[in-house]
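We did not get these values from a lab; they are worked out from the coordinates using the rules stated. Being a predicted model, the structure only gives us computed values, none of them experimental. As a convention, Cβ positions derive from the backbone with ideal geometry for all residues, glycine included, and neighbour counts pool all protein chains shown.
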Amino acid sequence: MMKTRTALFFLTPAVMIMVALLVMPVGYLVRFSFFVGQQGAQTAGGFTLANYAKLLGDSFYLGILGRTLYLSLITTTLSVLTGYPLAHFMWKTSKRWRGMLTILVLSPLLVSIVVSSYGWIVILGNRGVINNALIGLGLIDTPVKLMFTNIAIVVGLVHIVMPFMVLSILAALERIDPLLAEAATTLGANRLRTLWHVILPLALPGIGAGTTIVFSLAMSAYVTPAVLGGSGPNFITTLIYHQFVTLFNWPFGATVAALLLSVSVGIVFFYVRVLSRVGALGVQAR
Amino acid sequence: MTTVELKKVAKRYGQTAAIDGVSLAIAKGEFVTLLGPSGCGKTTTLRVVAGLVESDAGSVSLGNIDVTNIPTHKRNIGMVFQSHALFPHMTVEENVSFGLRMRGVAADQRSTNINRALELVRLPGFNARYPHQLSGGQQQRVALARALVIQPSVLLLDEPFGALDRKLRDTMQVELRELTRRIGITSIFVTHDQEEALILSDRIAVMNMGCIEQLGTPAEVFERPQTKFVADFMGVANFVPASVLGSRGPLTALDADGIAVESTDAIQAATGATIEVALRAEHITIGEGDAGTSSNSVAGSVASAVYHGNASTYEVMVPGRSGQRRLVVREANRGATGVRFATGAKVALSWPSGAVRLLSR
């Protein structure tokens, strides 16, 4: 009894911060989304479902939601495909290499996202590193458009989410008994089959955690699509910003934000259910 | 017919030699144990046979085929690890099935073989369990079934019972002995436990500092150790430096630091040479009174007496030429009297000439 009370005592600050900074704003947000939407009006009050009807009935807005989902999925897939080999290498390599690579992997987090996004402009721009190199080599005559495309957004996002993917997978790999790989080879499995039948299934909890985190981060990313995606709303987060700040239509902005939140939560919830069904959350791994 | 043959195998890690010229030939169906303290190279030797460690020099052949440059997964070996190394995400059946699947055995043939292997290790019907649902002993049996089901040309066991408690260990040793003899599989077993080696093996290779010090049957290694290291590892407690006096009929006479000793061992060293006399604690008889003047006896006083239950161990100080010398004596307890001699008691020690081993230093 005493223990429960002590625990409650220590939990209180954390719970209060969560309520103040998360539950209350989200509550307000949902309430705003039912106000009458009006350009330049901020919050006009009243109650209407018109915002939702407008959002779900307009292919322009649904197109942006679809594009956001699509680019987030591409980002997640690419970060698994590039992050796994790196995590595997870090797992196998010497302590020294691993230390240096860890710093390298964490480097996107050490620089402001704004700065690293502008860094990508230097690389991807019409007179950027890539285009200058290609023109200099005589491979192309006019610059290839890289900036303000889906490619630019995905490249920027993969760069930023990489640490979360690599470190999640590495944590799972480190829990694998290295003797398991040896046991597999004594039973006749070559490296590839050992990887496929033994290592990957056991790394699945890390891949599951990594993809969940990365997908959530990509869906809610703002700076990268804003800087690398060009002007105008092209991503769901930039649409929200546009509604709130440019058009002053707070109720409609709140509606888009509520939709983003429910779609993200819905997808992550469904994904976690599937992962635990196949035992990829470490239920059977140990 | 030789199944496993190592020729002058060597492996260095930096400046230290893990194994330094190990040669060993193992006959088909033979059970050979590599015995030694940690760091003696026994596990490295086993891993070289498995191909998990690449040797720097020498060759390994399995079934008369040189496999020195053949990778582990093509060697057709079965290996059992101390930590079991069962795949945690697979059921017992999937674990045992793994080696068969890698060999492309058809599904219906697989299930027959799996069930036979599980019966062999006395775990029939455990197919659908996961490793974490099994006890340590059961896990080790599954690991054994997984290694045996592929019908390997050699079974390699790396301290497989090291993680099991004493009682389970004893049971598993008897079972493994019976099982390997019954199916006639060639086995190499690694352990640091001399008792385990004696129980299981057809032959024991005692290893020290990367070399095989002595290779022989359990009785040979235990009763006729050739070096002080082997004798010490086999539990001999008393070593006394001695100089050879010469032959007396069938016996060899020695002066062991002032104690007159006779041994049935034939002498290899010249008269006057200094060698080592080894004497097991349990071969010394302890009694009351004076020692007399004959060979193989000495008087002393008890320095410590420890009761073990089925035996008592005494440390007896005896006068030697170079000062007091400590001899360890172990006596089986027959009565219900505890230790027979208290600390400080004057006792006489004697031993038969057949128990005295002469070791070149």
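Some points to look at:
- Less than 5 angstrom separates the built amide H of B:Ala57 from those of B:Ala10, all sequence-distant by 5 or more or on a different chain.
- Tilt relative to chain B, helix B:166-183 - C-alpha long axis, 0 to 90 degrees, to 10: 60
- Net charge dipole, the stretch B:1-90: roughly 60 debye, given to the nearest 20, about the Cα centre with Cβ charges of +1 for Lys and Arg and -1 for Asp and Glu.
- Our note on the geometry: Cα centres of the stretch B:245-272 and the stretch B:110-125, 58 Å apart.
- Taking the three principal axes of the alpha carbon atoms in chain A, the coordinate ranges are 76, 71, 33 Å, sorted in descending order.
- In order along the stretch A:162-179, the Karplus-derived 3J(HN,Hα) couplings, from 6.51 cos²θ - 1.76 cosθ + 1.60 at θ = phi - 60°, round to 3, x, 5, 5, 5, 5, 5, 5, 4, 4, 5, 4, 5, 7, 8, 5, x, 5 Hz, and Gly and Pro are given as x.
- From least to most packed, judged by other beta carbons within 10 angstrom and beginning with the fewest, B:Phe239, A:Phe35 follow the order B:Phe239, A:Phe35.
- Length gained on full extension, B:Thr16 to B:Met209: 68.5 nm, using 0.36 nm per residue less the C-alpha separation.
- Taking the centroid of alpha carbons for each part, the stretch B:150-226 and the stretch B:1-43 are 14 Å apart.
- Going from the residue with the fewest nearby Cβ atoms within 10 Å to the one with the most, A:Ile267, A:Ile123 rank A:Ile123, A:Ile267.
- Centroid-to-centroid separation of the stretch A:36-110 and the stretch A:135-162 [C-alpha atoms, Å]: 19
- Within the listed set A:Phe32, A:Phe270, A:Phe235, the residue fluctuating most in the Gaussian network model of chain A (springs between alpha-carbon atoms under 10 angstrom) is A:Phe270.
- This model, with +1 at the C-beta of Lys and Arg and -1 at the C-beta of Asp and Glu, gives chain B a dipole about its Cα centre of some 620 debye.
- Rg(Cα)/(2.2 N^0.38 Å) for the protein assembly as shown, N = residue count: 1.45
- Most fluctuating residue given options B:Gly272, B:Gly335, B:Gly287, as computed from a GNM of chain B linking Cα atoms under 10 Å: B:Gly335
- Among A:Ala257, A:Leu11, A:Leu137 - extreme Cα towards positive end, dipole of chain A, charges at beta-carbon: A:Leu11
- Multiplying the residue separation of A:Gln39 and A:Val115 by 0.36 nm and removing their Cα-Cα distance gives an extension gain of 24.1 nm.
- For the stretch A:4-13, 3J(HN,Hα) per residue [Karplus equation, 6.51 cos²θ - 1.76 cosθ + 1.60, θ = phi - 60°, Hz, x = Gly/Pro]: 4, 5, 4, 4, 4, 4, 6, 6, 3, x
- Per-residue ³J(HN,Hα) for the stretch A:132-147, Karplus 6.51 cos²θ - 1.76 cosθ + 1.60, θ = phi - 60°, Hz, x for Gly and Pro: 4, 5, 5, 5, x, 7, x, 7, 9, 9, 10, x, 7, 6, 10, 5
- Principal axis dimensions, chain B - Cα atoms, whole angstrom, descending: 78, 49, 38
- With respect to chain B, whose longest principal axis is taken over its alpha-carbon atoms, helix B:92-102 is tilted by about 70°.
- Farthest towards the positive end of the charge dipole of the protein assembly as shown, among the residues B:Ala27, B:Phe341, B:Ser312, is the Cα of B:Ala27, using unit charges on the Cβ of Lys, Arg, Asp and Glu.
- On Cα atoms only, tilt of B:107-120 relative to the major axis of chain B in degrees: 20
- Footprinting exposure proxy ranking of A:Phe269, B:Phe229, fewest other C-beta atoms within 10 angstrom first, gives A:Phe269, B:Phe229.
- Chain B - percent relative contact order, Cα under 8 Å, separation 6 or more: 15
- Beta bridges per DSSP with both ends in chain B, % antiparallel, nearest 5: 80
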